[in-house]
């Protein structure tokens with residue numbers, strides 16, 4: 001999330017400002033408390049934050065955490081940089097909103113949701129997106145998609161599935177079915193029949209790599225030792241889809257992914273076809289917000305998405321990720337900083353982190 005400009009809240013500063021000197025010294029002692037925000041990361045911190053120091057040109061000062069939040073920044077998760085009680089209050093609001101969305105029979109408007117959690121629509125929208133990486137509408141859409149997929153996978157009739165998910169008219173469902181399912185409802189119910197998925201297998205420094213793409217975007221990036229095993233995994237995931245070997249254009253896509261693995265600093269921006277539950281997609285969006293060269297703990301991700309007690313579910317969402325490096329679950333570590341499980345092997349996780357740390 002990019003911070004918004006807030007001229008009224010911003011505190012004028014120079015490199016000789018006492019506040020900046022306190023940040024450099026990691027010294028919180030000052031008559032008037034303050035926080036500093038970093039434009040490039042979108043977070044704000046207390047002056048004693050142990051994180052790597054930013055460049056002064058990227059810094060804004062605010063008198064209070066509330067002002068930084070209003071300007072579009074989110075609190076740093078290290079050393080209690082944010083106001084703990086305020087963070088807990090915000091997390092509770094987002095958690096309640098998610099529960100309301102997930103149990104609602106129909107889509108609720110922004111005003112209705114804000115009223116139920118007791119804050120203004122403007123403030124609620126900012127809080128929700130800062131915590132989950134999604135707007136309330138996008139989260140509700142993902143939740144409905146999950147309900148539809150679950151019902152169709154159980155063999156439910158298409159009409160039963162869309163009514164169960166809260167679509168009150170078949171026309172509305174079919175208008176959005178391509179976005180919800182990535183294919184026709186009848187094809188999804190048949191396990192992806194009549195759906196084309198292009199793929200290619202190659203070698204990189206981490207071993208074999210498979211990249212697959214549907215009409216919506218990249219739907220799988222798999223790593224392993226055996227190329228044939230990766231193809232079998234893709235076949236199991238999309239059991240009835242039409243798997244098509246790559247052409248020259250697609251080879252450029254897999255080369256782009258391999259280039260990012262070898263040199264993470266170049267970045268990776270791909271259209272993605274995410275297929276997960278609403279909770280998983282919240283976690284995956286939070287993972288995409290972790291800057292290259294840094295890590296976060298499962299507990300920090302849980303706190304970030306407004307579900308502080310769900311760190312085990314966060315770990316499960318990381319394990320369910322089928323888009324290696326594009327959804328950077330390798331940047332999630334234990335609270336003590338040690339590496340934990342990784343779908344594609346701890347050693348690959350270690351190598352990815354080491355390369356990203358080198359810049």
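Nothing in this text is a laboratory measurement; each read-out follows from the coordinates by a stated rule. Predicted model only: the values in this text are computed from it and were never measured.
Table for the structure above
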item: Full-stretch length increase - residue 96, residue 24 - with 0.36 nm per residue and alpha-carbon distance subtracted; result: 22.1 nm
item: For segment 206-253, projected area of the alpha-carbon convex hull averaged over all directions, nm²; result: 3.5
item: Mean-position separation - Cα centroids, segment 326-359 and segment 249-297, in angstrom; result: 13
item: Segment 271-359: equivalent-ellipsoid semi-axes (sqrt of 5 x gyration tensor eigenvalues, Cα, Å); result: 19, 15, 12
item: Equivalent ellipsoid semi-axes, segment 196-291, via Cα gyration tensor eigenvalues times 5, rooted, Å; result: 20, 18, 13
